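Colleague: Have a look at this one before I ask anything.
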Amino acid sequence: MTSSSVNTLAQPLGEMPPDAIVFGRTDAMQAVRDRLTKLAGANVPVLIQGESGTGKDIIARMIHAASPWRTGPWVKVNCPAIPGTLLESELFGYEKGAFTGAYGMKPGRVEMAHRGTLFLDEISELDMSLQSKLLQLLQDGQFCRIGAQEDKKVEVRVVCATNRKLEQEIENGTFRSDLFYRINVVNLHLPPLRERATDIPELVAYFLEYHNRKYNCRARALSNELMSELRKYHWPGNIRELENLIKRYVILGNEEVISSDLTPRDSNFFNADLPVDGQISLKKLTRQAVRELERKVILKVLQNCHWNRKQAARALSISYRALLYKIRDAGLPSNRVVKRREEDAPKRDVAAD
Ligand SMILES: Nc1ncnc2c1ncn2[C@@H]1O[C@H](COP(=O)(O)OP(=O)(O)O)[C@@H](O)[C@H]1O
Ligand SMILES: [Mg+2]
């Protein structure tokens, strides 16, 4: 996706999953659907909050598609993708001669969204001065191109999204509370996928069918064991991660690619207590982290292959000899008799390795 984009009817909003898939069955998503239906017709700002990959983009596009200005422009601005100094001219435009290099007038994204939807993605990235300009836009529909003498008026539906807790940003003094109240007239909170585990089988079936069709493949439905593993997984990348896994499975055609891609919950090495005021050896830490990750991936694949080491080596795309070496090197048990002890063992502390 480009950092900012304008869609008109000539450029449709892209293929959307059916509503039943987007909203699934959980109460939290049903509440989102109810709110979306109620708010779509009214031109009020909407704030969509949720972790990365929970569907904020999709929901924003649905709001536009259901609004009275659905035939108007859909303008998306991905705030962090545009360097701070450029963001102001990108959003509000400039007059000829406003600054060195401004050889002609350029309208901003706000103007382009006239009688349509302006979607500001990752709104917490706006600096304080842009936050003030946005506040003015929301208060009286007016804004000023850089270098212009007069304000201009525009009619836009503003939809904002963030994966951050804006309340916390306000407390830190990096987000204006008055702007927060303006953009937060209606709030849609998208739950993380781990809180929507009941929806996982339908999502999997949908992505499987979709990518089989797209890549002209015939990958089969997942086994019950893998499906139950997916339902228990913590999904740090949410639906985007699930979709990517299924895409890889469709293209590569074996379930091992999925199991080995599930990152262990405690794989965040930055949680380890680093000696911040002492000496840190980046090389050493990185080596430890890589070894620990390798060890976990190998253990996982061995479990999935029912401890068949030849099959595990194939799934890992390494030679049988290399796998035997790595099993020994990582201190993993060499056969299934002792594997239970290993699986039940307490987690090792990476930094203390
Ligand atoms: N509710 C959903 N139903 C089906 N697919 C979804 C859903 N939410 C997200 N996706 C898929 O996951 C990916 C990420 O969604 P996106 O809307 O870009 O998330 P966000 O903007 O919150 O990071 C997209 O490719 C989309 O196809
Ligand atoms: Mg997004």
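Colleague: Any idea how many residues of the stretch 37-75 are more than 16 Å from ligand 2 (Cβ to nearest atom), touching a residue at least 24 places away in the same chain (Cβ under 8 Å) and of a type in the set (A, V, I, L, M, F, W, C)?
Modeller: As a first pass, look at the stretch 37-75 and keep what is more than 16 Å from ligand 2 (Cβ to nearest atom): 37-45, 65-73.
Within this subset, residues satisfying the condition of being touching a residue at least 24 places away in the same chain (Cβ under 8 Å) are 37, 39-41, 43-45, 65-69, 71-73.
Narrowing further to those that are of a type in the set (A, V, I, L, M, F, W, C): 39-40, 44, 65-66, 69.
Qualifying residue count for the region: 6.
Colleague: Separate question: Looking at Q149 and the list (1) out of contact with any Asp or Glu (no Cβ under 9 Å at 6 or more places or on another chain); (2) in a loop (DSSP other than H, G, I, E, B); (3) over 24 Å from P83 (Cβ atoms); (4) assigned by TED's automatic domain parsing to the domain that holds V44, which single condition is not satisfied?
Modeller: All conditions are met except number (1).
Colleague: Just give me the residues in the stretch 63-83 being surrounded by fewer than 20 Cβ atoms within 10 Å (Cβ to Cβ) and within 16 Å of ligand 1 (Cβ to nearest atom), in sequence order.
Modeller: The first filter runs over the stretch 63-83 and keeps only residues surrounded by fewer than 20 Cβ atoms within 10 Å (Cβ to Cβ), leaving 65-66, 68-71, 78, 80-83.
Residues satisfying the conditions are A65, A66, N78, P80, A81.
Colleague: Identify, from the list F119, F99, the residue that is aromatic (F, W, Y) and within 27 Å of the chain's Cα centre (by Cα). First the steps, then the outcome.
Modeller: Details: F99 fails: within 27 Å of the chain's Cα centre (by Cα).
After ruling out the rest, the residue left standing is F119.
Colleague: Would you mind finding the one in I170, I200 that is within 21 Å of the chain's Cα centre (by Cα) and assigned to a helix (DSSP H, G or I)?
Modeller: Details: I170 fails: within 21 Å of the chain's Cα centre (by Cα).
Among I170, I200, only I200 is within 21 Å of the chain's Cα centre (by Cα) and assigned to a helix (DSSP H, G or I).
Colleague: Let me ask something else about it. Mind listing whichever residues of the stretch 203-243 are part of a helix (DSSP H, G or I), away from ligand 1 (no atom under 16 Å from the Cβ) and more than 25 Å from G50 (Cα to Cα)? Even if it seems obvious, please write down each step before you answer.
Modeller: Start the filter on the stretch 203-243 by keeping residues that are part of a helix (DSSP H, G or I), which leaves 203-214, 224-232, 238-243.
Applying the additional criterion that residues be away from ligand 1 (no atom under 16 Å from the Cβ) yields 224-229, 231-232.
N224, E225, L226, listed by residue number.
Colleague: Out of everything in the stretch 131-170 that is of a type in the set (D, E) and free of Cβ contacts under 8 Å to residues at least 24 places away in the same chain, what residue ends up being farthest from ligand 1 (Cβ to nearest atom)? Step through it out loud before you land on a result.
Modeller: Of all residues in the stretch 131-170, those of a type in the set (D, E) come to 140, 150-151, 155, 167, 169.
Then keep just the ones that are free of Cβ contacts under 8 Å to residues at least 24 places away in the same chain; that gives 140, 150-151, 167.
Details: D140: 29, E150: 36, D151: 32, E167: 19 Å.
Out of the qualifying residues, it is E150.
Colleague: Oh, and also: Could you tell me whether P192 is of a type outside the set (G, A, S), surrounded by fewer than 19 Cβ atoms within 10 Å (Cβ to Cβ) and modelled with pLDDT of 95 or more?
Modeller: Values: of a type outside the set (G, A, S): yes; surrounded by fewer than 19 Cβ atoms within 10 Å (Cβ to Cβ): yes; modelled with pLDDT of 95 or more: yes.
Spelling it out, P192 is indeed of a type outside the set (G, A, S), surrounded by fewer than 19 Cβ atoms within 10 Å (Cβ to Cβ) and modelled with pLDDT of 95 or more.
Colleague: For the stretch 217-240, which residues satisfy the criterion of being surrounded by fewer than 19 Cβ atoms within 10 Å (Cβ to Cβ), within 16 Å of ligand 2 (Cβ to nearest atom) and of a type outside the set (K, R)?
Modeller: P236, G237 - these are the residues of the stretch 217-240 that are surrounded by fewer than 19 Cβ atoms within 10 Å (Cβ to Cβ), within 16 Å of ligand 2 (Cβ to nearest atom) and of a type outside the set (K, R).
The values are calculated or read from the model by the stated rules, or taken from the named source; none is laboratory data. Here the structure is a predicted model, which is why all the values come from computation and not from measurement. All Cβ positions, even for glycine, are placed from backbone atoms using ideal geometry, and neighbour counts span all protein chains on display.
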